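A short worksheet on the structure shown next.
Any read-out appearing in this document is the output of simple, stated calculations on the displayed coordinates, not a laboratory observation. Every value quoted in this text rests on a predicted model; they were computed, and no experiment measured them. We place every Cβ from the backbone using ideal geometry, glycine too, and count neighbours over all the protein chains shown.
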Amino acid sequence: MRKRVVIAGGGTGGHLFPGIALAKALKRQDMDIEISFVGTQKGLEAKVLPREGFELKTILSAGLLGKKRLGRWFSWVKLPVGTAQSMCFLIRKRPDLVVGVGGYASGPLVLSAWILRVPILIHEQNSIPGLTNKWLGKIANKVAVSFKESAKFFSKDKIEVTGNMIREEFCQPRETFPKGPRGLFRVLVLGGSQGAHSINVAMMEALESLTSKKGNIHITHQTGESDFAMVKREYENSGFSHDVRPFIDGMAEQYRKASLVICRAGATTLAEVTACGKVSVLIPYPHAAHNHQEKNARVLDAANAGELVLDHELSGPRIAQSILRAIEDPERLEEMEENSYQLGNRDATEKVRQICMDLLADANPKSGHARKIQGNYVLSCF
């Protein structure tokens with residue numbers, strides 16, 4: 001019987017791309033597995049998943065943290081609506097497994113799966129879980145975590161330390177990486193899938209201090225939608241070799257080409273950077289829950305695999321200093337690249353895929369109890 005898996009989550013690349021990595025790994029192993037995603041219309045998934053060839057069901061859902069009173073009220077209103085939408089979707093889809101990878105849609109969908117007694121796996125990317133995953137961990141069958149430090153927040157009999165899932169294209173041997181033109185130093189600037197205004201502004205300010213190296217630097221810059229026009233105009237006026245985009249689709253190729261990466265310190269970004277063995281200037285998002293991005297960045301900084309720059313220290317001259325140091329000290333850069341590569345975890349996706357297969361085997365020996373129970377609810381959605 002054909003197995004069905006629903007992956008819940010998204011909103012940002014940090015939640016969405018681990019889910020895509022898992023979906024592709026499951027399909028490589030068994031092309032007959034049917035995979036669907038559940039997310040929101042406003043999330044990144046609405047743009048990316050159709051291009052990746054996966055079905056997306058959108059529901060109403062929104063975060064509660066960081067909202068003012070009216071915003072929190074609207075979020076609470078969306079929660080039961082999103083849960084009802086999730087219930088109906090699961091009843092129609094009749095999945096054998098639900099996987100929560102974080103993001104606004106994960107909560108309602110995983111809760112609905114628990115009500116319908118569908119087996120549940122959640123994956124926590126960060127060292128300190130958010131409130132939603134802490135709660136969902138109580139009802140999940142298994143919890144895959146990226147950091148050993150996360151284990152204390154969940155039941156011991158559910159925990160599997162896997163690392164953070166990344167797509168297969170990030171796991172290629174370094175020997176296959178393309179070589180750029182000799183003497184050209186490639187800087188990759190990222191602010192996450194939605195961009196980061198402070199990084200965009202600092203990079204524009206840094207160009208003046210990098211003028212002496214203008215002929216030796218190429219900058220690829222993911223800006224996000226809101227700053228795209230401004231950043232593109234500044235590069236065109238500066239005369240630097242550049243490639244400016246609101247969002248980069250082929251990120252693995254850009255990592256492989258890069259000499260230095262300037263980025264936030266989300267768990268998925270760092271998993272990709274270290275898998276490729278790249279040196280990074282890490283600027284943690286200062287408002288991340290539990291300050292987890294700074295904690296992530298300090299791991300690389302302590303291992304001499306990256307350089308930590310706090311957001312309040314960020315400026316054009318500070319960024320320019322990091323770039324010039326990397327250009328002028330290639331031996332140090334090479335040592336840091338090796339340190340970064342050693343930190344990389346390139347088999348996390350396979351570990352999570354195996355957990356999924358084990359849960360599917362347990363749920364499906366005789367067509368699965370979840371489907372029998374869901375059948376009692378079919379008429380309620382029509």
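Taking amide H as placed 1.01 Å from N in the peptide plane, V244 has its amide H under 5 Å from the amide H of H221, each at least 5 places away in sequence or on another chain. The magnitude of the dipole of region 133-284, with charges of +1 and -1 set on the Cβ of Lys/Arg and Asp/Glu and taken from the Cα centre, is near 500 debye.
Considering only G316, G344, G107, the Gaussian network model of the chain with Cα springs below 10 Å gives its largest mean-square fluctuation to G316.
Set the bar at 25 Å for Cα to Cα. Now go through K3/K156; K134/K295; K42/K257; K3/K142; K148/K351 and name every pair that lies beyond it. Display every interim value, and only then the final one.
Numbers: K3/K156 28 Å; K134/K295 19 Å; K42/K257 31 Å; K3/K142 18 Å; K148/K351 15 Å.
As for pairs spanning more than 25 Å Cα to Cα, those are K3/K156; K42/K257.
Label sites at H312 and K156, each approximated as a point 7 angstrom past Cα along Cα to Cβ, lie 4.0 nm apart.
As a test of understanding, state the convex hull volume per residue of region 170-343 from its alpha carbons, in Å³. Can you show the working numbers first?
On the way: hull volume 18.2 nm³, N = 174.
Value for region 170-343: 105 Å³ per residue.
Rounded to whole numbers, the Karplus 3J(HN,Hα) couplings from phi for region 269-279 are 4, 5, 4, 5, 4, 6, 4, 8, x, 9, 7 Hz, using 6.51 cos²θ - 1.76 cosθ + 1.60 with θ = phi - 60°, and x at Gly and Pro. Of the residues H123, A202, A320, the one whose Cα sits farthest towards the positive end of the charge dipole of the chain is H123 (charges of +1 on Lys and Arg Cβ, -1 on Asp and Glu Cβ, taken about the Cα centre). Against the longest principal axis of the chain, how steep is helix 292-302, in degrees 0 to 90 to the nearest 10, with axes from Cα atoms? The helix 292-302 is inclined about 50 degrees to the chain. Restricting region 127-157 to trypsin sites (Lys or Arg not before Pro) that sit in a DSSP loop and have at most 15 other Cβ atoms within 10 Å of their own Cβ leaves K156.
So between K351 and S212, what do we pick up on full extension, going 0.36 nm a residue minus the alpha carbon distance?
45.3 nm
Apply 1/(1 + (r/R0)^6) to the Cβ-Cβ distance of R245 and E335, taking R0 = 25 Å, and write down the FRET efficiency to the nearest 0.05. Intermediate values should be presented prior to the final figure.
Numbers: r = 31 Å, r/R0 = 1.24.
It comes to 0.20.
Comparing S280, S150, S212 in a Gaussian network model of the chain (Cα springs below 10 Å), the most mobile by mean-square fluctuation is S212.
If I take every Cα pair under 8 Å that is 6 or more residues apart in region 170-343, average their sequence separation and divide by the length, what percent do I get for the relative contact order? Kindly include the intermediate steps, with their values, before the conclusion.
Working: 308 pairs, mean separation 43.9, N = 174.
Relative contact order, region 170-343: 25 percent.
Beyond 30 Å in Cα-Cα separation lie the following of the pairs K24/K138; K47/K152; K27/K158: K47/K152.
The relative contact order of the chain comes to 17 percent, based on Cα pairs under 8 Å that sit 6 or more residues apart. The alpha-carbon atoms of region 198-283 define a convex hull whose volume equals 98 cubic angstrom per residue. Near the amide H of G103, within less than 5 Å, lie the amide hydrogens of G10, all on another chain or at least 5 residues away, with H placed in the peptide plane. Rg and Dmax, both from the Cα atoms of region 127-269 and both in Å, are 19.2, 58. For the residues T274, T211, T349, a GNM of the chain with alpha-carbon springs under 10 Å puts the largest fluctuation on T211. Looking at region 217-294, the GluC sites (Glu not before Pro) that sit in a DSSP loop and have at most 13 other Cβ atoms within 10 Å of their own Cβ are E225. Taking the helices alone, the chain has a mean residue ellipticity at 222 nm of -14000 deg cm²/dmol, built from -39,500 (n - 2.57) per DSSP H run of at least 4 residues and averaged over all its residues.
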